[in-house]
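The values are calculated or read from the model by the stated rules, or taken from the named source; none is laboratory data. The structure presented is a predicted model; accordingly, all values stated were derived computationally and were not measured. Cβ sites come from the backbone with ideal geometry, for glycine too, and all protein chains shown count toward neighbours.
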Amino acid sequence: MNANRLYLPAFIGLCILYLALPSSLIWRQERILREGAVYRFRLEPVDPADAFRGRYLDLNLNVPAFPMKDSTIEYGQKLFIALERDAAGLAQFASLHKTPPTDKDYLSAYLSYFSEEEVFVYLSDETTRYYLNEKLAPLADKWYAELLNQTERDTALVTLDLRVRKGKALIEQVYFEGMPVEEYIRKKEAE
């Protein structure tokens, strides 16, 4: 009889845990989208597929190499990239830090490799993958390739709005020629 008394509280605790974990993940993502600062980046995407998560645009944010300032960094180390906006309002990667900057918005990044003069980092999948409907992803890739072949390479034909909050980021929208990608595809395919 005593063992049966323990099963019900254990079952209730397990149910609470099963509900709390996904709820906390959703809440964190929604908080970034609600409270995060928006940064628009110029992009250079490609359209690969992920067998488990579907079709997506691989968004290349052109993270620059940063000057080597600290030789104590290690491969795979978490670093922080301060963000700023240029005169056109597009986001730029300002500087690399070992600790989160307190006076600027920043993205978390990881050390890829370094040389005596430069440090190279990469961003997480949340900031570099934009998932699309299985039918829209190949069309997005097609129209993106066409946009890249246009001569105005200096203009931001493909951009990304990234919500940033305390180093975490979520993709809010991808734009082709200033229009949300889904809307742009529907318009172009209707023509």
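A few notes on this one:
- Of the residues E126, E189, E146, E183, the single one that is under 28 Å from K78 (Cβ atoms), of a type in the set (D, E) and in a helix (DSSP H, G or I) is E126.
- Count of the stretch 75-91 residues which are surrounded by fewer than 16 Cβ atoms within 10 Å (Cβ to Cβ) and either among the hydroxyl-bearing types (S, T, Y) or part of a strand (DSSP E or B) (or both): 5
- Qualifying residue in the stretch 117-134 (condition: without any contact (Cβ under 8 Å) to a residue 40 or more places away in the chain and in contact with a strand residue (DSSP E or B) (Cβ under 6 Å, 6 or more places away or on another chain)): no
- Test: E172 is at pLDDT 85 or above and either under 18 Å from the mean Cα position of the chain (by Cα) or of a type in the set (S, T, Y) (or both): yes
- For K168, the conditions (1) basic (K, R); (2) in contact with a Leu (Cβ under 7 Å, 6 or more places away or on another chain); (3) outside any loop (DSSP other than H, G, I, E, B) all hold with the exception of (2).
- Where a residue in the stretch 82-100 is assigned by TED's automatic domain parsing to the domain that holds I171 and without any contact (Cβ under 8 Å) to a residue 60 or more places away in the chain and its partner, wherever it lies, is hydroxyl-bearing (S, T, Y) and surrounded by 12 or more Cβ atoms within 10 Å (Cβ to Cβ), with Cβ under 8 Å and at least six apart: A82/S95; A82/Y106; R85/Y39; H97/Y106
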